[in-house]
Amino acid sequence: MKTRNSNNIEPLRVAGRYKGYSKEELKRNLPRHCKFSPYILKQINNVADVTLRNSGSPLAKKINRMMKEVFSEAYRAKQFTRTEINNRGVLYGVVLLKHDVIDLVLRYFHERWPKCIVCLYNEHSRKTSLINEKGFIKEIKVPLIEVVEMVSEKHPIMPYFDDIQFSGKDIFETLYKSQFIKKRENPHYFKQMIPDHCYKLPGMRNGTEKRFLNNNRKLDEYIF
């Protein structure tokens, strides 16, 4: 039984040491990691919850790092994936996911566009996953464009989506031009706000932001 204080709050939370993940969260999400093995779950059962919460052992540190990698990859895909939408209400794009988080990304887009069918092609698994209006997810080993065409054939033209036919690049450039002020251009700050690894993501690859890389100095240029 967990010990609680008079205010019904767990001591670890009061002491500011309530970090990490509970065993329930670990058992639910750790299998998503590409390097997960059932043996890890057996080890978790033999470690005290307080040790897992505070990375008090090499195992706890490893587990918390794996969990962070899982959620970080899902977050990057949600924030940086460039999507397009056709007049049939099919939203589609390309992701690069090595962990099993495609369902988290699909549900994120589904919540934002509940009337759309979302199709995402994973360059790592070479499979296309889709979620329909009812929230059902399906994964098939078929190229993205073929899936989009197949799904679109079964849906009528939706005038609402016919009025917003912009690609991810068009949307970004329109936003950029409306916000960009030449006198305030600060490439160093721009580069600082967008991590290097983000330029390698499918949605950012060869995009508008790519041109800024050539204008920035690197430390290697000054090392002889």
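Quick rundown of the values:
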item: The range 27-51, residues that are outside any loop (DSSP other than H, G, I, E, B) and either in contact with a Ser or Thr (Cβ under 8 Å, 6 or more places away or on another chain) or among the aromatic types (Phe, Trp, Tyr) (or both); result: TYR39, ASP49, THR51
item: Residue in the range 149-156 that is of a type in the set (Ser, Thr, Tyr), at pLDDT 90 or above and assigned to a helix (DSSP H, G or I) present; result: yes
item: In the range 76-126, the residues that are over 10 Å from the mean Cα position of the chain (by Cα), closer than 28 Å to LYS35 by Cα and assigned to a loop (DSSP other than H, G, I, E, B); result: ARG82, LYS98, HIS99, ASP100, GLU123, HIS124, SER125, ARG126
item: Only one of PRO143, PRO156 that is touching a residue at least 60 places away in the same chain (Cβ under 8 Å) and surrounded by fewer than 15 Cβ atoms within 10 Å (Cβ to Cβ); result: PRO156
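The values are calculated or read from the model by the stated rules, or taken from the named source; none is laboratory data. The model shown is predicted, which means the values in this text are computed figures rather than measured ones. Don't worry about glycine lacking a Cβ; one is built from the backbone with ideal geometry, like all the others, and counts go over all protein chains shown.
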